1. Can you confirm whether B:Ala230 is in the same structural domain as B:Ser247 (by TED's automatic domain parsing), surrounded by 20 or more Cβ atoms within 10 Å (Cβ to Cβ) and within 28 Å of B:Gly132 (Cβ to Cβ)?
2. So, B:Val145, is that one in contact with a strand residue (DSSP E or B) (Cβ under 6 Å, 6 or more places away or on another chain) and surrounded by fewer than 21 Cβ atoms within 10 Å (Cβ to Cβ) or not?
3. In the list A:Arg25, A:Arg73, which residue meets the criterion of being charged (D, E, K, R) and touching a helix residue (DSSP H, G or I) at 6+ places or on another chain (Cβ under 7 Å)?
4. Regarding the range B:141-152, can at least one residue be identified that is of a type in the set (A, V, I, L, M, F, W, C), assigned to a loop (DSSP other than H, G, I, E, B), in the same structural domain as B:Val222 (by TED's automatic domain parsing) and under 18 Å from B:Ala123 (Cβ atoms)?
5. For the condition within 19 Å of the chain's Cα centre (by Cα), β-branched (Val, Ile, Thr) and more than 9 Å from every other protein chain (Cβ to nearest Cβ), what is the one hit in B:Val145, B:Val108, B:Val163?
6. Condition check: of a type in the set (Gly, Ala, Ser), under 22 Å from B:His124 (Cα atoms) and within 14 Å of chain A (Cβ to nearest Cβ). Does B:Ala202 satisfy that?
7. On the given criteria, is B:Leu243 at pLDDT 90 or above, assigned to a helix (DSSP H, G or I) and either farther than 16 Å from B:Ile197 by Cβ or outside the structural domain of B:Ala292 (by TED's automatic domain parsing) (or both)?
Amino acid sequence: MSVNGLGELEAAVMDVLWQADEPLRVREVLDRLTRRTLAYTTVMTVLDNLHRKQWVQRDKTGKAYHYRPAGTREELVARTLRRMLETSLQPDVVLLHFARSASDRELAVLRQVLDERTDSQ
Amino acid sequence: MSPALALIVGALAVAWLAPALLERAIGPVRDPIAVLLAWWGTLGAVLLTFAAGVTLLLAPVDRLGEWAEHVAHHCWFAVSHGQLPAQDEVLGVAGAVAVCALATRSVVLAFRQWRAQRESRQAHHDLVTLLGETVTPEQEPVLRVPHPAPLAYSVGGRRGMLVVSAGVLRLPSAQRAAVLCHERAHLRGRHHLIVAIAEVLAAAAPWVPLTRRAPRAMRLLVELCADAAAVRTCGVPAVRGALIALSGAAHPAHALPMAGADVPTRLHRLQTATPHQRIAARVVLPLVAAIAPALIGAVTAVVFCA
């Protein structure tokens, strides 16, 4: 397994969940992972990790857990970027850097989000 | 003046006087590694000399049991007679308390920094998982940030990582190679760890000029080291171009960005000459730095006793 092997596996499992229309059980995720032969327990562990990371949500129906993504890829990326910003010692500085380097279109989106937040308060 | 006190005076003198000299050494000494070693030599020597002085103050006799009995007797004497114990011991205890407080503070701060860096590293690896884009076939994972602004930094740790934006990938190929080479030199040289330790020491003892000024100097020195590595493989024009293209780019706190420290100094250094490596400087400079506290202590003792 390569250095980022676990990450690749997580990415593959997330892809399966994003493509599915309904929540999946571990067995169903395993069946849809076409790229390689994996052990049932491996997929279970990966799903467990993803649940701990809050990338997937799970509901218990009957005996088995059903897994579904906790958001779109973009939402998870945004949440991860948020985490990176929070670990930074000067989040405001980083934020300002991003704002200054934003394109006109990005700024328009930012303004729209800010307006939405002001309206909802 | 007792030899113990002389050692403490020597350590304090170096802690206050050395930073200015070390900062100035970056000019005449061409080899950044020599100056980096000198910084660490000074930091280590000052800490050790101070601790040795404190230990000697408290333990003038060489047998520990005797010494403990001596101290206990002294304390009892002081308490029962309402007198202070000898001056050396008061100073020694104060010094020991200072050393212990400093060590504890360093450990706590180091733990905090380690936790923050682990969190940041995990977030970066999560981004690689989510975005899943690697651009070079090298060992380290490369995270490609889909943003037009040029941005490049490396995240240290056991599984180090390069982060580059689409803006960097659009640079001319020589400059792009220089950026990757520079950041890879940071990972190879464990530069993140070097800067992190200096930052912990600075946070633990901000009132000592030597520790307070170390992080900034070390950030510049590791950049010079990485620049030199990039010049060796990619040439001066490519590194210069990359530096100019990336100056002012944003980056997270624990990362080492391409144009992070003192871009003018580094451009000047690139312009003047190719750094030729001299092993002598790497040995002599740290050695001088390491014996300086003890030497100054000895001189002080001689001056005051004569």
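The values are calculated or read from the model by the stated rules, or taken from the named source; none is laboratory data. None of these values were measured; they are calculated from a predicted model. Cβ sites come from the backbone with ideal geometry, for glycine too, and all protein chains shown count toward neighbours.
1. On the way: in the same structural domain as B:Ser247 (by TED's automatic domain parsing): yes; surrounded by 20 or more Cβ atoms within 10 Å (Cβ to Cβ): yes; within 28 Å of B:Gly132 (Cβ to Cβ): yes.
So B:Ala230 fits the description; yes.
2. Details: in contact with a strand residue (DSSP E or B) (Cβ under 6 Å, 6 or more places away or on another chain): yes; surrounded by fewer than 21 Cβ atoms within 10 Å (Cβ to Cβ): yes.
Yes.
3. Result of the check over A:Arg25, A:Arg73: A:Arg73.
4. Initially, the range B:141-152 is screened for residues of a type in the set (A, V, I, L, M, F, W, C), giving B:142-143, B:145, B:149, B:151-152.
Next, only the ones that are assigned to a loop (DSSP other than H, G, I, E, B) stay: B:149, B:151.
So of that shortlist, the ones also in the same structural domain as B:Val222 (by TED's automatic domain parsing) come out as B:149, B:151.
Filter once more, keeping what is under 18 Å from B:Ala123 (Cβ atoms): B:151.
There is at least one residue in the range B:141-152 that is of a type in the set (A, V, I, L, M, F, W, C), assigned to a loop (DSSP other than H, G, I, E, B), in the same structural domain as B:Val222 (by TED's automatic domain parsing) and under 18 Å from B:Ala123 (Cβ atoms).
5. Values: B:Val145 fails: within 19 Å of the chain's Cα centre (by Cα); B:Val163 fails: within 19 Å of the chain's Cα centre (by Cα).
Answer to the check: B:Val108.
6. Details: of a type in the set (Gly, Ala, Ser): yes; under 22 Å from B:His124 (Cα atoms): no; within 14 Å of chain A (Cβ to nearest Cβ): yes.
It is false that B:Ala202 is of a type in the set (Gly, Ala, Ser), under 22 Å from B:His124 (Cα atoms) and within 14 Å of chain A (Cβ to nearest Cβ).
7. On the way: at pLDDT 90 or above: no; assigned to a helix (DSSP H, G or I): yes; either farther than 16 Å from B:Ile197 by Cβ or outside the structural domain of B:Ala292 (by TED's automatic domain parsing) (or both): yes.
Answer is no for this residue.
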